[in-house]
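Structure, as structure tokens:
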Amino acid sequence: MKSVAIVGASLAGLSAARALRDQGFGGRLMIVGAEPHRPYDRPPLSKEFLAGQMTTADLALEGDGEDLDAEWRLGVAATGLEQGRPLRITLADGSAVEADGVVIATGSVARTLGGDLAGVHTLRTIEDAAALRAGLDAARRLVVIGAGFIGAEVACVARTLGLDVTIVEAAPAPFARALGPEMGTALAGLHEDHGVRLICGAAVRTLTGEGRVDGVLLEDGRRLDADVVLVGIGARPAVDWLDGSGVQVGDGVLCDTGGATSVPGVVAVGDCAAWFDPALGAHLRVEHWTGAARRPATAARTLLSGGAAVPDALAPPYLWSDQYGMRVQFAGHTLPGDEVSVEEGDLASRRFLAVYRREGRTVAVLGIDQPRSFTRWRRRVNEPAGAR
Amino acid sequence: MIPACPLAALPRGEALRIETDPPIAVFHTEDGELYAVDDTCTHQDASLADGWLEGCEVECPLHASRFDLRTGRVDAPPAKLPVRTHQVVVRDETVYVMPSDLPPNLPPGVRTGSA
């Protein structure tokens, strides 16, 4: 393989470039990015960066003097992938790049509610974060739509800034998709302790206001006043550009356990990719930082070996969140019906470690302000039943 | 020299945080070596004493950066800067740390009390 093009210049794309060079790839390396920025770290956008404790420079992912000997094409989105030898990627400015191998790392796009009222935000990019911060500084009341991690972190920063905060969630329990209803409710208690109002089981009918948002109207007729609204209802994979390419897409680019797509010479990593997870028996799109940082090494081996390399065992998905000075950590994947037990601490103190089990096997671990025990428990996730 | 703990209070494979400014982590490896580094990961605010100790390396509990405890070198990203190391002395069955004179590499948003 003489040339590789990486489409996507965020954590997954940068990690793929590093992995290719680490694994001895000495050919031409091209990195295409839709955003104009060098790779930057997104998790702080809803935490320290939003709170004003980190600057743009602090977000840089590349080390001082790090040189991957790559050709960067930043500020231009990919518009298509054409099969052939070489593979051809067309770009929004009408140009194209050609390569023997392609790494798809185009990430995801925040879901929106539509409309164009001012004061309604999503949070994905550095510009989004700067705009949201300016909005919060001028506001008294924030409504967060969606009780997920980004919404929770923004709620937390907004409380610190003194805003009145309400979180609205359509599901019966908060954080349920990631943590299950029981632990989701436990985490929500932390927010209520800090004066956040939480409304669950309430769908949003519409946002109100003329030109600028002034409220959120719920399906049950309730109306919440708002100066700023954050829509945190998840993200969809940025894969539209692959329409017609032959790359098979479901909820994300469908990949095997090594990151290979349905097209030879093309692998996919990060938020846009749904790798087959043997522990689950299904493809699973993992939108966590750790997956974007670690899986590219496996995908690079797959690409450079032409698919002959045996993939590493998948590490369980891992996420962390910082809320009111508490460190929330979760590893694994929970499904409805898993048994959950608190192994250390207790729910009332909001500091605890909970373990999720399925057929006697540990499938996930949640730690709230328990970093040391979490470090140990995390390593037991997906071990065979009775291994310890 | 700062007294850390009685040697018997820090079994092999364990780590201890000393509440200095900035805090220091002391590690007792499975091989019986003692090392001390700044307790704060150079990438983001996390206690390395809470991390995973393997050989002479500690893995940050938050983002899995790895540091060589002998030199402070980064063995795995996302950390970019080495963690400051300190000298450890055992005298009369007590572990002492001799704090380094060099400036620390603290992550963004974390400051020492004097700075």
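We did not get these values from a lab; they are worked out from the coordinates using the rules stated. Note that the structure is a prediction, hence the values are computed from the model and not measured. Glycine gets a Cβ as well: all are built from the backbone with ideal geometry, and neighbour counts include every protein chain shown.
Is the shape of region A:108-161 rounded, prolate or oblate, going by the alpha carbon gyration tensor and its root eigenvalues a ≥ b ≥ c, with a/c under 1.5 for rounded and a/b larger than b/c for prolate? Kindly include the intermediate steps, with their values, before the conclusion.
On the way: a/c = 1.43, a/b = 1.21, b/c = 1.18.
Since a/c stays below 1.5, the shape of region A:108-161 is classed as rounded.
For region A:214-225, what does the Karplus curve 6.51 cos²θ - 1.76 cosθ + 1.60, with θ = phi - 60°, yield as ³J(HN,Hα) per residue in whole Hz, taken in order and with x for Gly and Pro?
With the stated coefficients, region A:214-225 comes to 10, x, 10, 9, 8, 4, 7, x, 5, 10, 10, 6 Hz.
Order B:7-13, A:223-229 from most to least packed using the mean count of other Cβ atoms within 10 Å.
Working: B:7-13: 12.6, A:223-229: 20.4.
Top to bottom by mean Cβ count within 10 Å: A:223-229, B:7-13.
With contacts defined as alpha carbon pairs under 8 Å and 6 or more residues apart, what's the relative contact order of region A:112-233 in percent?
Working: 240 pairs, mean separation 41.4, N = 122.
For region A:112-233, the relative contact order is 34 percent.
Whole-Hz ³J(HN,Hα) for each residue in region A:288-305, computed from phi via Karplus 6.51 cos²θ - 1.76 cosθ + 1.60 with θ = phi - 60°, x for glycine and proline: what do you get?
Each residue of region A:288-305 in turn: 9, 3, 5, x, 5, 7, 9, 5, x, 5, 5, 5, 5, 5, 4, 5, 6, 8 Hz.
Would you calculate the convex hull of the Cα atoms in region A:112-233 and tell me its volume per residue in Å³?
Values: hull volume 11.3 nm³, N = 122.
Spread over its residues, the Cα hull of region A:112-233 gives 93 Å³ apiece.
Classify chain B as rounded, prolate or oblate from the Cα gyration tensor: take a ≥ b ≥ c as the square roots of its eigenvalues, call it rounded if a/c is under 1.5, otherwise prolate when a/b beats b/c and oblate if not.
Working: a/c = 1.92, a/b = 1.27, b/c = 1.51.
Since a/c reaches 1.5 but b/c is at least a/b, the shape of chain B is classed as oblate.
Give the percent of DSSP beta bridges with both residues in the protein assembly as shown that are antiparallel, rounded to the nearest 5.
Numbers: 83 of 117 bridges.
Percent antiparallel among DSSP bridges in the protein assembly as shown is about 70.
Kindly list the residues of region B:1-31 that lie in the label zone of residue A:349, defined by a backbone N under 19 Å from the point 7 Å along the Cα-to-C-beta vector.
Residues passing the 19 Å test: B:17.
Based on Cβ point charges of +1 for Lys and Arg and -1 for Asp and Glu, what charge dipole magnitude is obtained for the protein assembly as shown about its Cα centre, in debye rounded to the nearest 20? It would help to have the intermediate numbers written out before the result.
Numbers: 48 positive and 66 negative charges, 119 e Å.
For this selection, approximately 560 debye.
Pull out a ≥ b ≥ c, the square roots of the eigenvalues of the alpha-carbon gyration tensor of chain A, then state rounded if a/c is under 1.5, prolate if not and a/b is larger than b/c, and oblate in the remaining case. Please list the in-between numbers first.
On the way: a/c = 1.90, a/b = 1.30, b/c = 1.46.
Oblate, since a/c reaches 1.5 and b/c is not below a/b.
How large are Rg and Dmax for region A:38-157 when calculated on the C-alpha trace, in angstrom?
18.1, 57
Using Cα-Cα distances under 8 Å and only pairs 6 or more residues apart, what relative contact order does chain A have, in percent? Provide the component values of the computation, followed by the final result.
Values: 882 pairs, mean separation 56.0, N = 388.
It comes to 14 percent, rounded to a whole number.
Once Lys and Arg get +1 and Asp and Glu get -1 on their Cβ, which of B:97, B:109, B:7 lies farthest toward the positive end of the dipole of chain B?
Selected residue: B:109.
Skipping prolines and chain starts, which residues have an amide H placed within reach, meaning under 5 Å, of the one on residue B:87, given they are 5 or more residues away or on another chain?
It is B:98, B:100, by chain and number.
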